[in-house]
Every structure is written in structure tokens, then in C-alpha cells.
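Enquirer: Shown below is the structure under consideration.
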Amino acid sequence: MSGGVRYPSRTCRASEAAGKTDGMEELTPRDETDLEEIIATAAAESVPLAVEGEGSKRDFGHTVQAERRLSMTALRGVSLYEPAELVLTAGAGTPLREIQALLEQQSQQLAFEPADYGRILGGPGGQGTLGGVVAVNASGPRRIRAGAARDHMLGFRAISGRGEPFKSGGRVMKNVTGYDLSKLMAGSHGTLGVMSEITVKVLPKPETEETVVFAGLEDAAAVALMTAASALSAEVSGFAHLPDEGGRTGLRLEGPAASVASRREALLTRFGGAAEVLTVAASRAFWESVRDVEPLAGRGEQLWRLSVAPTEGAAVVARLAEAGVPIAGRLFDWAGGLIWLAVEEGRHGRAIREGLAGHATCVRAPDAAHADEPVFHPQPPALAALSRRVKEGFDPRRILNPGRMGEGL
């Protein structure tokens with residue numbers, strides 16, 4: 001296409017040397033007006049855009065077929081933070097580490113425990129933006145108790161693939177429009193609209209935490225223990241099993257010190273007193289490792305993320321092994337409901353998905369033989385048709401991260 005995207009007069013354009021990544025020229029809007037103009041121009045000329053923050057999730061999903069990279073890194077900064085009201089508003093390009101440092105000063109946190117996918121995708125850890133976390137709905141071990149990233153969104157501002165601004169929600173957990181667009185945008189991987197500003201709910205950090213770790217358990221025994229613990233009144237906020245680390249099964253307790261101590265003793269009485277108890281620093285390190293899937297990071301195998309019924313976690317892995325899937329490593333989170341599988345090179349997508357009562361996503365696939373297989377679990381026909389209609393409504397020209405979620409999405 002002759003001419004390409006015309007740059008708005010106020011758009012910050014990177015230099016020739018620094019403005020290209022992987023052969024793409026980079027557009028960096030300085031504010032929402034720039035962003036709207038860039039997307040409107042791209043829509044008018046049908047020029048596809050790869051939308052990114054710091055690029056930590058660039059390889060998550062299918063490869064985006066785009067001519068320009070739209071960098072959100074300049075739309076950053078916290079514009080509102082009211083600790084007493086438990087609300088924070090920031091630009092979508094704000095680094096997550098800056099938000100977490102600010103919250104730490106007030107002993108508050110993002111309760112959904114956003115996962116850092118940097119290292120499992122072959123890059124550095126500690127990167128990522130608020131917009132990127134919301135776009136992939138990256139939720140950590142506390143999701144089973146506190147909910148996912150989408151459940152903590154109060155509102156947002158965005159530009160659709162038509163180049164039109166829209167917004168949803170506000171500063172309270174109520175949506176009077178009848179349409180909860182936050183749930184739609186979270187997990188859309190930037191294919192429906194480009195968020196410029198996001199408002200989230202924050203929560204106080206617990207006074208203290210401990211993790212009770214049981215060692216030497218096989219998968220089935222660990223899942224049975226986690227299932228039993230989830231039915232108790234111990235208010236466990238994290239359930240994980242690490243088979244590759246000696247069969248370690250961790251149960252996290254958070255809250256006032258006296259309450260944590262009481263609940264810890266109840267767990268030890270119920271499941272046996274030989275368990276190891278990790279205090280604050282060691283407990284946090286344990287759950288950060290689980291959150292970021294550290295045991296399976298820095299490796300060359302495919303990495304699959306399976307979402308299943310928690311009670312079925314061990315049985316699912318056993319069935320896949322019996323079916324010949326070459327499992328090289330595994331990790332169970334969410335009491336067995338989230339399974340991370342490292343799988344040796346080959347085409348295993350069909351075998352993994354066949355008969356799976358859940359969802360399977362290939363998060364990392366370094367071997368070329370896997371490139372033409374679906375990354376995301378194929379949707380039933382009716383849901384797939386609905387997804388295409390939603391895409392048509394928000395991005396009819398298919399210019400926002402085209403192909404990221406699959407053909408036409």
C-alpha cells in the first residue's frame with residue numbers, strides 16, 4: 001500500500017535506528033488523541049497494527065501479521081490512587097512494577113496476583129504493563145479465592161479498531177450500562193480495542209502469611225489433599241503441587257498472625273504434623289515461583305496451560321501420559337484446576353485436546369512443527385460465530401493484532 005500510515009502531527013515517532021523491532025516500524029502515541037488518530041488512519045488504510053506494551057507477551061498466541069508496531073509505552077503513569085477507596089487508575093502502558101511499588105508503600109496489592117509470563121516465553125522477568133496483564137487476563141495462584149484480573153477491573157477507556165473512543169465502568173464495582181465490557185476486553189489479547197487507561201480495584205495486603213508444605217506426594221494424593229483442604233474452613237488462599245521438586249504440595253494461609261497460626265495448626269492436625277512451614281519471605285518466594293511457572297521456565301520444550309476441574313487434574317495428566325504425550329515436566333496450581341505441562345518436541349495438540357473437559361492453550365512452542373496448530377482451544381461452532389461477530393463489531397478491518405487469537409480474529 002503506497003504511503004502507509006500517515007503520522008498525526010502530535011505523534012511521537014521513534015528514530016530510524018530505534019523505531020523498528022523485528023522489521024516493523026514503531027508508532028508511539030503520546031496521549032489518547034494520538035492513539036485515536038493512529039488507529040483511525042490505520043483503519044482507513046487497512047494497515048494492521050501489532051499492539052504492545054513492553055513486549056513481554058509478544059510470543060503469546062499466534063504470530064501477529066502486521067505492518068506497524070503500536071507501542072503503548074508512552075501512555076503511562078498513575079493518574080488516580082485513593083488508598084482509602086481501594087481504587088487506582090493508570091495508563092495502559094504503565095509498567096506493572098511501578099504500580100506494585102506504589103501499592104507496596106500503602107501495604108496494598110493487586111489481589112489477583114498478576115502472573116509474569118516473561119521467563120516462560122524466553123525473555124526476562126519483571127517486565128509487562130497494566131494493559132498487557134489485563135489483555136491476557138494474567139491471574140496468579142490467588143485467583144481461586146480472589147478472582148481473575150477481569151474481576152478486579154472497575155473500568156477503562158479504549159479506542160476500537162474503527163478508530164472510535166469508548167469506555168466502560170468507572171470507579172466503583174457497578175456497571176449501569178447493562179454491558180460489562182471489562183469482561184470482554186480482559187483476555188481479548190488486544191484484538192478488540194486498544195485500552196488507553198484502566199481503573200482497578202486494589203486490596204490491603206494481609207498482615208502475614210505462611211505456607212504449609214507437604215513433601216513426597218504423588219499427583220493423585222496431592223490433588224486429593226488440596227481438594228480436602230479447600231473444603232475446610234481454613235481459608236487457604238493458594239493450592240499448588242510441584243511434582244518436579246520432590247512432590248511438594250503447598251497450602252498458603254494469609255491474614256492476622258493469630259488467625260494464620262490457628263489455621264496452620266488445624267491443617268497440620270488434619271493432614272499430619274510432619275509438614276514444613278514456610279514463613280513470610282520463604283512463603284512469598286514459593287508463590288512467586290508458582291505464579292511465574294519458574295520450574296518450567298528457561299527450557300526448550302513446548303509449554304501447555306490446561307484449565308480443568310480441580311478434582312480431575314491428576315487424572316488428566318495420567319491419561320495424557322498413557323496416550324503417549326511425552327510430558328517432560330508439570331506443575332499444578334488452583335488446587336489442580338490449572339495444569340502447566342512441558343511437552344517434548346512434536347505435534348501433540350490433538351492428543352492433548354482430545355476428550356479434554358476443559359481448555360488447553362499452547363503458551364510456548366519453540367519447534368516449527370507446531371506452528372500451524374491452534375494455540376488456543378478451538379471454540380464450539382456457536383461460540384466461534386459469536387466471537388467473529390464481536391470482532392466484526394469492534395474491529396471490522398481486522399487491524400488490531402490480526403490473527404493473534406486465530407484466523408480472522
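The values are calculated or read from the model by the stated rules, or taken from the named source; none is laboratory data. Just so it is clear, the model here is predicted, and its values are computed rather than measured. Cβ coordinates were reconstructed from backbone atoms using ideal geometry, including for glycine residues, and neighbour counts include every protein chain displayed. The protein model used for the area step is the full one, side chains on, heavy atoms only, and it has no ligands, DNA or RNA in it. Shrake-Rupley method; radii C 1.70, N 1.55, O 1.52, S 1.80 Å.
Enquirer: So if I take the centroid of the Cα atoms in segment 21-58 and the same for segment 92-151, what is the distance between those two points in Å?
Expert: Between the Cα centre of segment 21-58 and that of segment 92-151, the gap is 23 Å.
Enquirer: If you don't mind, another one. So which trypsin sites (Lys or Arg not before Pro) in segment 114-211 end up in coil per DSSP with only 13 or fewer other C-beta atoms within 10 Å? Present the calculation step by step, with values, prior to reporting the outcome.
Expert: Working: sites: Arg119, Arg142, Arg143, Arg145, Arg150, Arg157, Arg162, Lys167, Arg171, Lys174, Lys183, Lys201; in loops: Arg142, Arg162, Arg171, Lys174.
Loop-located and lightly packed - Lys174.
Enquirer: From the C-alpha gyration tensor of segment 60-209, pull out the three semi-axes of the equivalent ellipsoid (sqrt of 5λ each), sorted largest to smallest, in whole Å.
Expert: For segment 60-209, the ellipsoid semi-axes come out as 23, 19, 14 Å.
Enquirer: Here is a follow-up. Sum up the lysine pairs in the chain that clear both bars: alpha-carbon distance under 23 Å and a spacing of 8 or more or different chains.
Expert: 10
Enquirer: Quick check: pseudo-label points 7 Å beyond the Cα along Cα→Cβ at Ala315 and Asp180, how many nm apart are they?
Expert: 3.0
Enquirer: I would also like to ask the following. Largest first and in whole Å, give the semi-axes of the chain's equivalent ellipsoid, each being the square root of 5 times a Cα gyration tensor eigenvalue.
Expert: For the chain, the semi-axes come out at 37, 26, 18 Å.
Enquirer: Here's something else I'd like to know. Tell me the net charge near Glu288. Cut-off is 10 Å between Cβ atoms, Glu288 excluded, with +1 for each Lys or Arg and -1 for each Asp or Glu.
Expert: Working: positive: Arg284, Arg291; negative: Glu113, Asp116, Asp292, Glu294.
Around Glu288, the surrounding residues sum to -2.
Enquirer: Taking only protein heavy atoms into account and a 1.4 Å probe, give the accessible area per residue of the chain in Å². Provide the component values of the computation, followed by the final result.
Expert: Numbers: 17350 Å² over 409 residues.
That works out to 42 Å² per residue.
Enquirer: I need the trypsin sites (Lys or Arg not before Pro) found in segment 242-278, filtered to DSSP loop residues with at most 14 other beta carbons within 10 Å of theirs.
Expert: Working: sites: Arg248, Arg252, Arg263, Arg264, Arg270; in loops: none.
Sparse-neighbourhood loop trypsin sites (Lys or Arg not before Pro): none present.
Enquirer: Return one number: the angle in degrees, 0 to 90 and rounded to the nearest 10, between the long axis of the Cα atoms of helix 96-105 and the longest principal axis of the Cα atoms of the chain.
Expert: Roughly 60 degrees, rounded to the nearest 10.
Enquirer: Run the accessible area of segment 15-127 with a 1.4 Å probe and give the carbon-and-sulfur part as a rounded percent. Don't skip to the end; give the middle numbers.
Expert: Values: 2050 of 4640 Å².
That fraction is 44 percent.
Enquirer: Shifting gears a bit: With the cut-off at 1.5 for a/c, could you classify segment 210-250 from its C-alpha gyration tensor as rounded, prolate or oblate?
Expert: Note, shape of segment 210-250 comes out oblate.
Enquirer: I've got another one for you. Comparing Leu80, Leu121, Leu268, which has the greatest mean-square fluctuation in the GNM of the chain with Cα pairs linked when under 10 Å apart?
Expert: Leu80
Enquirer: Further question on the same structure: At a threshold of 8 angstrom on Cα-Cα distance, excluding pairs fewer than six apart, so keeping six or more, what relative contact order does the chain reach in percent?
Expert: 17
Enquirer: Could I ask something else about it? Can you give the angle from 0 to 90° between the axis of helix 381-394 and the longest principal axis of the chain, with both taken from C-alpha atoms, to the nearest 10?
Expert: That helix lies at roughly 40 degrees to the long axis.
Enquirer: Longest segment of the chain with no GluC sites (Glu not before Pro) in a DSSP loop having at most 14 other Cβ atoms within 10 Å?
Expert: That would be 17-206.
Enquirer: Mind listing which trypsin sites (Lys or Arg not before Pro) in segment 335-409 are in a DSSP loop and have 14 or fewer other Cβ atoms within 10 Å?
Expert: Of the trypsin sites (Lys or Arg not before Pro), the ones in loops of segment 335-409 whose Cβ has at most 14 other Cβ atoms within 10 Å are Arg347.
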